[in-house]
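First the structure, in the form of structure tokens, and then the observations on it.
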Amino acid sequence: MMQQINKAIEAKKNAYAPYSHYQVGACLKTKNEKYYTGCNIENCGISSICAERVAIVKALSEGEKEFESMVIVAGAEGDEKLDIATPCGYCRQFLSEFVDNDFKIILYQGENKKEYTMKELLPYEFIFKR
């Protein structure tokens, strides 16, 4: 797990957050032990994109389809202190399309770490039924 945590911390450093100055890093682990990272990218003209969606889109675009867990780290720009930050509602719904209910989401803040399943963070996802 430390490898995944360290990759999320490194990804956070690449965040583009000139408006909020709040950086988020994520590291997605596939069931076959591959890692995909993402950081938040803000934009003043259109919607910004969160670290969680960056990581999963990178994995999906490389053909990955089976996911085990995601570590998320967050904090103020220039500050090594980490906050506990859960995925936003948009990210929760987006992730739910591609992961199982038991997919683990780990919020890392040094010694303080919280772990949830997808089902715990989004018990009633929107599902389009044909």
Tell me, what ³J(HN,Hα) does each residue in segment 107-120 have, in order and in whole Hz, if you take phi through Karplus 6.51 cos²θ - 1.76 cosθ + 1.60 with θ = phi - 60° and put x for Gly and Pro?
9, 10, 9, x, 5, 8, 10, 10, 10, 10, 9, 4, 4, 5
Neighbourhood net charge (10 Å Cβ-Cβ; Lys/Arg +1, Asp/Glu -1) for MET70
0
Charges at C-beta only: +1 for Lys and Arg, -1 for Asp and Glu. How large is the resulting dipole of the chain about its Cα centre, in Debye rounded to 20?
260
hull vol. (C-alpha, convex hull) per residue for the chain, Å³ -> 112
Obtain the nm distance between the two label points defined at ALA76 and TYR124 by a simple spin-label model: each point lies 7 Å from its Cα along the Cα-to-C-beta direction.
3.7
Between beta-carbons, use under 14 Å as the cut-off and find the net charge around CYS50, counting Lys and Arg +1, Asp and Glu -1.
+2
Residue-count net charge about SER96 - beta-carbon cut-off 11 Å; Lys, Arg +1, Asp, Glu -1:
-1
Roughly how far apart, in whole Å, are the Cα centres of segment 12-34 and segment 108-130?
17
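A short reminder: the numbers here are calculations on the coordinates, not readings from a lab. What you see is a predicted model; the values in this text were computed from it and never measured. Cβ atoms come from the backbone with ideal geometry, glycine included; neighbour counts cover every protein chain shown.
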